[in-house]
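Just so it is clear, none of the values below were taken in a lab; they were calculated from the coordinates. Just so we're clear, the structure is a prediction, and the values are computed from it rather than from any experiment. As a convention, Cβ positions derive from the backbone with ideal geometry for all residues, glycine included, and neighbour counts pool all protein chains shown.
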Amino acid sequence: MRTRGGVWRNWAGNQHCAPHAVERPTTEAELIAVVERAAAAGRGVKAVGAGHSFTAVACTDGHLVDLSGYDRVLAADPAAHRVTVEAGITLHRLNGELASRGLALENLGDIAYQSVAGAIATATHGTGIAFGGLATTVVGLRLVTGDGTVVDCSPDAERAVWTAARVGVGALGVVSRVTLQCVPAFNLHAVEEARPVDEVLDDLDALVDGNDHFEFFWIPGTRWALTKRNRRTSEPARPRRRWQAFRSDVVADNLAFGAMLRVGRHRPDWVPRIARRIPSAGRQDYVERSDRVFASPRLVRFLEMEYAVPREAFPSAFAAVRALERRIGVPVGFPVECRFTAGDDIPLSTASGRDTAYIAVHVGTGAPHDQYFTGVEAIMDEHDGRPHWGKLHYQRAATLAPRYPRWDDFQAVRARLDPAGRFANPYTDRVLGSC
Ligand SMILES: Cc1cc2nc3c(=O)[nH]c(=O)nc-3n(C[C@H](O)[C@H](O)[C@H](O)COP(=O)(O)OP(=O)(O)OC[C@H]3O[C@@H](n4cnc5c(N)ncnc54)[C@H](O)[C@@H]3O)c2cc1C
């Protein structure tokens, strides 16, 4: 994320806006003053985390609130395994702070660059059928609402607000602080290997249910999938050698796919050949601190669409995506990522009310994606799919409302906390409706 010449851009570079002002509060009093100033001037407010959303969810022509300097650990209760943090702390920094206290987040997504508030706002998730997304670990929140009033919410106080605000899509106020339920620090035993995708599909239930965290990346144009199986363990760390980690995380996950993207633009017919070589990165078997296994660097820029479908709908939805790839005949050059999580009770969580499978498709930035992404979205429409709030999609409030059983609960909290639409922007108008 960067602001240059008054223009803010997200990580992928596909969204930009020219805010009236970029604010950088470092205390809660400064944060409240920003909201009050914007309210007095009748302008909008958008907090921004690390700018790692692909949608325009964080854009505004009003006051853009950059919370990267508002990132301290405020309190830690190692006995209860809880921490309270300022909203702008990145997951990466938080992981280090937790480790030094013998704690960890119970699950994480693929990267740790995001801010805590930005990650929960869009229902950021990892994989693991017994685990929810990051927002399910939020046990307390402090929000600065449209007129600068502060609301503290938790399961015991302002429960309706807490229920909704864990995945607030930035539309309920500025989150000032978050209390997270963590777990004692743990290691993961990771096994990463390429397998024929049809074999993975045949064994899918056993892989999903028999591992704490299972995911796979199907490489379009090939019959291969890269599988990742992680089990929580009390074994001591047995990390990969540095070059092995580099080869797997940097070369296979980034550079090889990046090369495929670059080559694909000029010689699309070469993509399948390059793709077939990636699985030869070989089998990796190691034990490492949990956050170091869950998250890895992402150096190649891309655009992404991700849909959440009911777990039982996965085989049909995935088969349709494979058929689409064959039909459109454009070498995609980037893997299709498949993950599985537990259902939860958060109104706008992608896993609200159901165990969930996620299917994510990617293209390199600058590559045409409309045909591919609209094709995938049509498949997801047929499978009751819910889009990730931070990843590209074409839905509107009218198409989304029937897919979320607790949609009205969210809207009631929104009407109460932000009647004037101080935290609205064109994206929230489109996907949530205007205030
Ligand atoms: C390379 C890459 C890998 C990714 N991997 C995953 C993954 O594995 N799993 C997954 O689920 N997602 C993943 N994502 C998506 C990403 O986790 C989400 O888009 C997330 O919201 C980004 O966090 P951020 O801090 O950058 O928030 P931003 O994109 O800056 O903001 C997201 C939303 O949060 C709001 N917000 C930010 N701070 C506050 C605050 N203090 N109060 C109120 N609202 C606030 C913003 O207004 C906006 O509405 C990935 C994205 C990228 C680019």
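Remarks
- For segment 142-147, backbone phi angles converted through the Karplus equation (6.51, -1.76, 1.60; θ = phi - 60°) give residue-by-residue couplings of 10, 10, 9, 8, x, 9 Hz, Gly and Pro being listed as x.
- In Hz, Karplus ³J(HN,Hα) per residue of segment 228-233 (6.51, -1.76, 1.60; θ = phi - 60°; x = Gly, Pro): 10, 10, 10, 10, 6, 8
- Spin-label proximity, residue 209 to segment 294-337 - amide N less than 19 Å from point 7 Å beyond Cα toward beta carbon: 310-316
- Spin-label pair residue 75-residue 429: with each label point 7 Å from Cα along the Cα-Cβ axis, the two points sit 4.0 nm from one another.
- Assuming charge only on the beta carbon of Lys and Arg (+1) and of Asp and Glu (-1), the dipole of segment 73-184 about its Cα centre is about 80 debye to the nearest 20.
- Residues whose placed amide H lies under 5 Å from that of residue 224, excluding near-sequence neighbours: 197, 219
- For 296, 115, 434, the sequence from fewest to most other C-beta atoms within 10 Å is 434, 296, 115.
- Residue 61/residue 412 FRET efficiency (R0 30 Å; Cβ-Cβ; nearest 0.05): 0.60
- Remark on residue 238: its backbone amide H falls under 5 Å from those of 287, 288, a criterion applied only to residues 5 or more positions apart or on other chains, H modelled at 1.01 Å from N.
- Under the simplified labelling scheme, the residue 322-residue 7 pair shows an inter-label distance of 4.3 nm, with each label point 7 Å from Cα along Cα→Cβ.
- In terms of other Cβ atoms within 10 Å, 359, 120 run from fewest to most in the order 359, 120.
- Average Cα contact separation per residue, segment 369-435, under 8 Å, 6 or more apart, as relative contact order %: 32 percent
- Computed E for residue 99/residue 378 - FRET, C-beta separation, R0 51 angstrom, nearest 0.05: 0.70
- Against the main long axis of the alpha-carbon atoms of the chain, helix 28-41 sits at an angle near 70°.
- R0 of 41 Å, Cβ-Cβ distance residue 237-residue 397: FRET efficiency to nearest 0.05: 0.30
- In degrees, nearest ten, helix 314-328 long axis to first principal axis of the chain (Cα): 70 degrees
- Taking 377, 199, 86 as the candidate residues, the one with maximal mean-square fluctuation in a Gaussian network model of the chain, Cα springs under 10 Å, is 199.
- Here the dipole of segment 340-435 is about 300 debye; that uses its Cα centre as origin and unit charges on the Cβ of Lys and Arg (positive) and Asp and Glu (negative).
- Sequence-distant residues sharing a close amide H with residue 139 (under 5 Å, placed H): 179, 180, 181
- Dipole magnitude for segment 1-80: about 360 debye, using +1 per Lys or Arg Cβ and -1 per Asp or Glu Cβ, origin at the Cα centre.
- Counting only alpha carbon atoms, the long axis of helix 257-266 and the longest principal axis of the chain meet at about 80°.
- Semi-axes of the equivalent ellipsoid for the chain, computed as √(5λ) from the eigenvalues of its C-alpha gyration tensor and ordered from largest down, come to 34, 25, 21 Å.
- Here the 3J(HN,Hα) profile of segment 425-435, calculated from phi with Karplus coefficients 6.51, -1.76 and 1.60 at θ = phi - 60°, is 8, x, 5, 5, 4, 6, 8, 10, x, 7, 6 Hz, Gly and Pro shown as x.
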